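Since the structure comes first, as structure tokens, the remarks are kept for the end.
The values are calculated or read from the model by the stated rules, or taken from the named source; none is laboratory data. Since this is a predicted model, take the numbers as computed values, not measurements. Because the Cβ atoms are built from the backbone with ideal geometry, glycine has one as well, and the counts that use them run over all protein chains shown. Each accessible area value is taken on the protein alone, full model and side chains, heavy atoms only, with ligands, DNA and RNA left out. Shrake-Rupley method; radii C 1.70, N 1.55, O 1.52, S 1.80 Å.
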Amino acid sequence: METLLLKIGYAIVLIGTFIIRYPHEKRNRSNTIRVDKKHTLEKILLGLVFLGMMIIPLIYIFTSWLSFADYVLPNSLHILGLLLIIPTLWLFYRSHKDLGTNWSVSLEIKDGHQIVETGVYKYVRHPMYTAIWLWCFVQILLLNNYIAGLSGLLCFGLLYLLRVKKEESMMLQEFGQEYEDYMKRTRRIIPFVL
Ligand code: SAH
């Protein structure tokens, strides 16, 4: 399939996720933070994710600097990548909407923080991370380049692995039994499976 079309597909994900997140980011700026676990490692990992999912893809989209690392995929996988944009953006949107004022880009507990267990949070504990995993697969399928295609999975994979346990223990510390019960009822990323 035409590389330009695939690049446009990825640009739609970048623009779409920005549009979805921006109003939440703006509204939540005024929240008072009660517990802040945003340590140096977490900041470095967030920077890596920004690099791997935004900066490197944009370099690939607008220059030919990375062309030495291109790979070829069959059209069927390109179509799959384009189709996956829809559940990625939908889940990214729904998880932000369901989490509302409790959302933050890092590990924080705000004044008046409440556990969300409804909407998509009824099915998995980390639907926003599910959406971002999907985004990483879209990146691999649409940006056919060993650097620009894989950088998202590597950087987000690292953030996820180092963050998810810390996030859950922060929630457990804060909400105790209520979060423990919620954990018993739900899986992390894929309903009933993972
Ligand atoms: N891991 C979740 C949320 C990511 S945003 C997801 O993937 O959907 C990260 C912030 O969300 C954390 O700082 C934490 O305070 C908050 N959070 C995570 N799970 C939550 C829940 N079930 N209810 C309320 N806040 C939650």
Open item on the list: Checking the structure you have, find out if any residue of segment 73-95 is over 16 Å from residue 138 (Cα atoms) and more than 14 Å from the chain's Cα centre (by Cα).
Closed with: no
- [ ] Go through segment 152-171 and count every residue that is away from the ligand (no atom under 11 Å from the Cβ) and either farther than 30 Å from residue 70 by Cα or among the small types (Gly, Ala, Ser) (or both).
- [x] 4
Open item on the list: Considering only segment 86-93, I want to know if a residue exists there that is more than 9 Å from the ligand (Cβ to nearest atom) and modelled with pLDDT under 95.
Closed with: no
TODO: From (1) more than 14 Å from the chain's Cα centre (by Cα); (2) open to solvent by less than 80 Å² (accessible area, probe 1.4 Å); (3) within 13 Å of the ligand (Cβ to nearest atom); (4) more than 26 Å from residue 191 (Cβ to Cβ), pick out the condition that doesn't hold for residue 100.
DONE: (4)
TODO: Tell me, yes or no, whether segment 165-184 has at least one residue that is part of a loop (DSSP other than H, G, I, E, B), open to solvent by less than 10 Å² (accessible area, probe 1.4 Å) and in contact (Cβ under 8 Å) with a residue 60 or more places away in the chain.
DONE: no
- [ ] Would you please name the residue that is surrounded by the fewest Cβ atoms within 10 Å (Cβ to Cβ), looking only at residues in segment 112-125 that are more than 6 Å from the ligand (Cβ to nearest atom) and of a type outside the set (D, E, K, R)?
- [x] 118
Task: Residue in segment 67-87 that is outside any helix (DSSP H, G or I) and surrounded by 13 or more Cβ atoms within 10 Å (Cβ to Cβ) present - done: yes
Task: Only listed residue being surrounded by 15 or more Cβ atoms within 10 Å (Cβ to Cβ), in a helix (DSSP H, G or I), of a type in the set (A, V, I, L, M) and touching a residue at least 24 places away in the same chain (Cβ under 8 Å), chosen from 61, 109 - done: 61
TODO: For segment 126-151, enumerate the residues that are open to solvent by less than 30 Å² (accessible area, probe 1.4 Å) and either assigned to a strand (DSSP E or B) or within 16 Å of the ligand (Cβ to nearest atom) (or both).
DONE: 126, 127, 128, 129, 130, 131, 132, 135, 136, 145
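Residue-wise test of (1) among the small types (Gly, Ala, Ser); (2) out of contact with any helix residue (DSSP H, G or I) (no Cβ under 8 Å at 6 or more places or on another chain).
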site: 117; (1), (2): no, no
site: 126; (1), (2): no, no
site: 152; (1), (2): yes, no
site: 178; (1), (2): no, yes
site: 185; (1), (2): no, yes
